[in-house]
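A quick write-up on the structure given underneath.
The values are calculated or read from the model by the stated rules, or taken from the named source; none is laboratory data. Not measured: the values here are computed from a predicted model. Note that we place each Cβ from the backbone using ideal geometry, even for glycine, and neighbour counts take in every protein chain shown.
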Amino acid sequence: MKNLIKIVILLLIVDSCAKIPNTQNLNYSLGGGVFVVNEGNFRGGNGSLSFYSYDSSKIYNDLFYSVNGRPLGDVPNSMAIKGDEAYIVVNNSGKIEIVDQATLESKSTINGLISPRNISFINDYKAYVSSLYSDSVTIINLIDNSITGYINLRRTSESIAVAGNKAFISYWTEGKEIMVINTLNDKVVDSIQVGIEPESMAFDKYGMLWVLCNGGYTRQNYAELIEINTASNSVEKTFVFPTKEDSPSCLKIDGTGQTLYYLDNGIRQMDINATDLPYVPFILPESGQYFYKIGINPINNDVFVTDAVDFVQQGYVLLYAESGKLISKLKAGIIPGSMCFKIIINP
């Protein structure tokens, strides 16, 4: 009987310990830095959240689990901050986790989404969410974090860029259009023909929309970089990549809106007034590295790039100065992907 009581007590202790979050990361900096969304292995449910702190020059891993005592989910794809809240889009789990952007404590979860990819805030009370497998964009009420409707594109969607009362949404998988939505009435009002598979977009300082089209997974088409006039919804410039083997991705722009960055056998850098695509990479990966996603700090133009290694083990986050000089290389989670900057503006 005594032995049975001891076993029960031991099991209770083990069970309670298993539910205690890992507190070693709870003191991560509340200052500026960048969140890294680690995708984890597909169907592994081991996606996670990391944070690189400018205050300590360290990276803190497994933050969502450390704070909330449960996994983030299966394939987190992106993160966006609005006010006091951060929205983490978890693709294969079909949900969005909403956390306090300072403490990362869970505040709400939006379930019932079909393969969500990215979220874009239209105003203080409404957001759009793109989908890899659904033909519709989901409308989110930001007041109570509920699904309030859908916009039928009759196409899948990926990147979302909002300017004024227009939302530009890329038709990515096998597509070649940018759909234009009137955000006042949530209706499709136009479509813009671009290259094959537009996968990322960025606005420059003049309000022009740049679209990176990777040419398609099978490499049967040339990739293109396209500039769109958002006032007229018309294509202003088209840059065609020199070979079908070029597979550019992850278009970003610096804080001034002057310099574009993207991945293509390294990190390429291009002025928006350039007449040709950059011939050589600005930053080259070392042997064994796989540059997966990039992020540009909008304040100081530091360049962050994730190294997914072999897409199985933990990857790395590399930080480069604006000049291209390597500053640090730190281990993140499994398949470190998209990044979200937390900007602290001193009074």
Check: Hey, does region 244-263 have a residue that's touching a Leu at 6+ places or on another chain (Cβ under 8 Å), on the phi < 0 side of the Ramachandran plot, surrounded by fewer than 20 Cβ atoms within 10 Å (Cβ to Cβ) and assigned to a loop (DSSP other than H, G, I, E, B)?
Finding: no
Screening Ile147, Ile140 for residues that are buried (at least 22 other Cβ atoms within 10 Å of the Cβ) and either of a type in the set (Ser, Thr, Tyr) or in contact (Cβ under 8 Å) with a residue 12 or more places away in the chain (or both) leaves only Ile140
### Message
Among the residues that make up region 237-245, is at least one of them over 25 Å from Ile196 (Cα atoms) and over 17 Å from the mean Cα position of the chain (by Cα)?
### Response
no
* Please indicate, with yes or no, whether at least one residue in region 226-239 is polar (S, T, N, Q), at pLDDT 95 or above, buried (at least 19 other Cβ atoms within 10 Å of the Cβ) and assigned to a strand (DSSP E or B). => no
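Listed here are the residues, each with its yes/no results for (1) in a strand (DSSP E or B); (2) touching a Gly at 6+ places or on another chain (Cβ under 8 Å); (3) among the aliphatic types (A, V, I, L, M).
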| residue | (1), (2), (3) |
| --- | --- |
| Ser56 | no, no, no |
| Ser66 | no, no, no |
| Arg70 | no, no, no |
| Ile81 | yes, no, yes |
| Glu97 | yes, yes, no |
| Thr103 | no, no, no |
| Thr109 | yes, no, no |
| Ile114 | no, yes, yes |
| Arg117 | yes, no, no |
Filter result for Gly207 (touching a residue at least 40 places away in the same chain (Cβ under 8 Å), within 30 Å of Thr275 (Cβ to Cβ), outside any strand (DSSP E or B) and touching an Asp or Glu at 6+ places or on another chain (Cβ under 6 Å)):
no
Does any residue of region 315-328 turn out to be over 23 Å from Phe51 (Cβ atoms) and in contact with a strand residue (DSSP E or B) (Cβ under 7 Å, 6 or more places away or on another chain)? yes
